[in-house]
1. Taking only the range 219-236 into account, find how many residues are out of contact with any His (no Cβ under 8 Å at 6 or more places or on another chain) and surrounded by 12 or more Cβ atoms within 10 Å (Cβ to Cβ).
2. Scan the range 150-157 and tell me whether some residue there is under 20 Å from the mean Cα position of the chain (by Cα), at negative phi, part of a loop (DSSP other than H, G, I, E, B) and not hydroxyl-bearing (Ser, Thr, Tyr).
3. Could you run through the range 282-292 and say how many residues are more than 23 Å from the chain's Cα centre (by Cα) and not in a strand (DSSP E or B)?
4. Among what's in the range 248-281 and is crowded, with 21+ Cβ neighbours inside 10 Å and in a helix (DSSP H, G or I), pick the residue that is nearest to the chain's Cα centre (by Cα).
5. Take Ile273 and decide whether it is touching a strand residue (DSSP E or B) at 6+ places or on another chain (Cβ under 7 Å), among the β-branched types (Val, Ile, Thr) and not assigned by TED's automatic domain parsing to the domain that holds Ile156.
6. Against the definition (in the same structural domain as Gly373 (by TED's automatic domain parsing), modelled with pLDDT of 95 or more, assigned to a loop (DSSP other than H, G, I, E, B) and not charged (D, E, K, R)), how does Ser66 come out, yes or no?
7. Condition first: over 18 Å from Ser7 (Cα atoms), within 18 Å of the chain's Cα centre (by Cα) and not hydrophobic (A, V, I, L, M, F, W, C). Can you find one or more residues in the range 363-379 that meet it?
8. Determine whether the range 32-40 contains at least one residue that is of a type outside the set (Asp, Glu) and assigned to a loop (DSSP other than H, G, I, E, B).
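The values are calculated or read from the model by the stated rules, or taken from the named source; none is laboratory data. Just so you know, these numbers come straight off a predicted model, no measurement behind them. A quick note on method: Cβ atoms are made from the backbone with ideal geometry, for glycine too, and the neighbour counts reach across all protein chains shown.
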Amino acid sequence: MPAPYKSEYLFDWMVNLRRRLHRCPELAFEEVETAQTIISELERLKIPYQYDGPGGCLVGRMTHKSKDVPTIAIRAEMDALPGPENTGLPFSSSIEGKMHACGHDAHMTMVLGAAALLKQTPPPCNILFVFQPAEERGGGARVVLKTGVLKDVNAIFGGHVTHHYRVGEIMVAVGVITAQSDRFAITIKGKGGHGARPHEATDAVVITGLLITAIQTLVSREINPVFPSVVTIGTIKAGSAPNVIAENAFLEGTIRSTRLEVRNHIHAGLKRITSAIGDLHNANIKLEITKGSPPVINTKRETEVAYRAAEKIVLNDGLMVMDYPSMGSEDFSYYLQKIPGSYLRFGARKDEQEYIPLHSPKFDINENVLKIGADFFDEVVREAEKEYRFY
């Protein structure tokens, strides 16, 4: 059995804090009240902070008196998701159409819990508690990096709750953890007409159907099946009436891959398919691809640090191995392009039998994971300080 959690005495406070954050979700770059809640807790802990205002980052800082010490960062996200909540919890979202369906309320609480532990017995290092905006839109990490606040950081650590694992389990792995993510939009302009006279029109709906079928063959027939990749079309808009041939159609989708050459092949394939089908049906088809977050790639040294920290919290039986990368995306990847670090998963399944995916309107956590996360972030800072000790 794991040793008693250091943060046990903080548990009631963490539960209350997490529920306060859960009740008041805010979307990307709108995290004003969320930031104020975090600021009030940092002030209570007497931890200085830097806040760049609405849409900006919030960073708490513990500074050691010696200049010759490492600087370690731990990160949480402040934003929620658009969409209704359907958990039935007494602390459900009080804001219609917004919900903490990805566990960011838990992540903020864990980092603040670790801040309380680290403040009580500070290790000989500098510590940054990074609360970033807009992870869900993939721009928040870049906002933090642009401020320069992380320029002297030796290592950065982050994590995510998940129902893939149970409470008391932590997944630590080196290498690729999540996929790179891109979006695409396709605009089709044909020629509208009467539903009874298709020969006089260029049907955007028919063209849409052909595109959907053809695009799915990019992964199923052109990508080596040992390389994980996904192309999903998530929205389609076309037509105005049952007896009118649609002149215009619009599709949006996402691309997930873990290798640069696969990503490039899919991009090229989308361009080839849209061009060919446009020529085939005498339609004007416009493709726009927006590159998103690169893959999260954990560095070896920092993952070993995270492994040692996690083992102290959940013992060897609680350490999980990742068999394959997640096809989700995570903008922690931008930090790892600049700073060595590691990103983990905290088991948070509320019921032993029930799996609920992230972003579901029913997503919730077993709040005992808050103790595990707080203890881990506390311990990983201490392990990293020993790893990077300059003397």
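1. Within the range 219-236, the first condition is being out of contact with any His (no Cβ under 8 Å at 6 or more places or on another chain), and the residues that meet it are 219-221, 224-236.
From what's left, surrounded by 12 or more Cβ atoms within 10 Å (Cβ to Cβ): 219, 227-233, 236.
Selection size over the range 219-236: 9.
2. So in the range 150-157, the residues under 20 Å from the mean Cα position of the chain (by Cα) come out as 150, 155-157.
Right, trim to at negative phi and you get 150, 155-157.
Applying the additional criterion that residues be part of a loop (DSSP other than H, G, I, E, B) yields 150.
From the residues that got through so far, the ones that are not hydroxyl-bearing (Ser, Thr, Tyr) too are 150.
Taking every residue of the range 150-157 in turn, at least one turns out to be under 20 Å from the mean Cα position of the chain (by Cα), at negative phi, part of a loop (DSSP other than H, G, I, E, B) and not hydroxyl-bearing (Ser, Thr, Tyr).
3. Within the range 282-292, residues that are more than 23 Å from the chain's Cα centre (by Cα) and not in a strand (DSSP E or B) number 2.
4. Here the answer is Arg263.
5. Working: touching a strand residue (DSSP E or B) at 6+ places or on another chain (Cβ under 7 Å): no; among the β-branched types (Val, Ile, Thr): yes; not assigned by TED's automatic domain parsing to the domain that holds Ile156: yes.
Judged against the criteria, Ile273 is not a match.
6. Working: in the same structural domain as Gly373 (by TED's automatic domain parsing): yes; modelled with pLDDT of 95 or more: no; assigned to a loop (DSSP other than H, G, I, E, B): yes; not charged (D, E, K, R): yes.
No.
7. Here is the first cut: in the range 363-379, the residues over 18 Å from Ser7 (Cα atoms) are 363-364.
Then keep just the ones that are within 18 Å of the chain's Cα centre (by Cα); that gives 363-364.
Checking the rest, the ones that are also not hydrophobic (A, V, I, L, M, F, W, C) come to 364.
Looking through the range 363-379, at least one residue is over 18 Å from Ser7 (Cα atoms), within 18 Å of the chain's Cα centre (by Cα) and not hydrophobic (A, V, I, L, M, F, W, C).
8. No, the range 32-40 contains no residue that is of a type outside the set (Asp, Glu) and assigned to a loop (DSSP other than H, G, I, E, B).
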